[in-house]
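Participant: What follows is a single structure, and I will ask about it in a moment.
No lab work stands behind these numbers, since they all come straight from the coordinates. Since the structure is predicted, the reported quantities are computational estimates derived from the model, not experimental observations. Because the Cβ atoms are built from the backbone with ideal geometry, glycine has one as well, and the counts that use them run over all protein chains shown.
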């Protein structure tokens with residue numbers, strides 16, 4: 001069996017896990033979460049960073065920050081995790097699924113361009129789907145592996 005992802009607990013992880021258990025900080029807050037957010041913010045040159053409980057939550061927040069609204073369209077690859085589509089649906093938007101390239105399994109950018117050019121009109125940095133009048137609010141790339 002080849003695992004999709006395996007934890008690597010080869011450094012101080014056991015020590016940190018034990019500290020969390022010993023101090024009852026086993027939720028989504030605490031010293032290590034604060035340290036992680038600070039390190040990520042510093043690394044990215046950002047004023048702050050927010051750790052989330054999982055990828056779905058991170059995608060959901062990203063869509064909210066991007067201004068996704070009910071009825072919007074979000075472009076996503078047709079090979080993805082359910083989390084991508086769930087996050088889109090959480091903001092009451094709908095996915096536009098774009099085929100992938102077989103050699104990379106990534107969204108085919110030529111097809112994205114074709115969709116935007118042929119099926120949408122653009123004005124003031126906004127794309128509107130001609131057939132429905134709905135705003136294309138964003139593109140959600142996904143790296144499945």
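Participant: Antiparallel as a % of all DSSP beta bridges within the chain, to the nearest 5? Before the final figure, lay out the partial values.
Facilitator: Numbers: 7 of 15 bridges.
Of all bridge pairs located within the chain, approximately 45 percent are antiparallel.
Participant: Using the Cα gyration tensor of the range 55-139, with a ≥ b ≥ c the square roots of its eigenvalues, what is the shape: rounded (a/c below 1.5), prolate (a/b larger than b/c) or oblate (neither)?
Facilitator: Oblate.
Participant: Next up: What is the angle, in °, between the Cα long axis of helix 109-119 and the longest principal axis of the Cα atoms in the chain? Nearest 10 is fine, range 0 to 90.
Facilitator: Tilt relative to the chain: about 40 degrees.
Participant: Right, next: Rank by packing, highest mean first: peptides 11-23, 77-89, 127-139, 29-41, with packing defined as the count of other Cβ atoms within 10 Å averaged across residues.
Facilitator: Packing order, densest peptide first, comes out as 77-89, 127-139, 29-41, 11-23.
Participant: Related question: Could you tell me how many degrees, from 0 to 90 and to the nearest 10, lie between the Cα long axis of helix 31-44 and the main elongation axis, the longest principal axis, of the Cα atoms of the chain?
Facilitator: Once rounded, one gets 50 degrees.
Participant: Something else: To test your reading of the geometry: what angle, between 0 and 90 degrees and rounded to tens, separates the Cα axis of helix 13-23 from the longest principal axis of the chain?
Facilitator: 70 degrees
Participant: Also, I was wondering about something else. Between the range 112-126 and the range 4-31, what is the separation of their alpha carbon centroids in Å?
Facilitator: 46 Å
Participant: Pick the calculated Rg/Rh (Cα atoms, Kirkwood Rh) for this structure from [x] 0.94; [y] 0.97; [z] 1.07?
Facilitator: [z]
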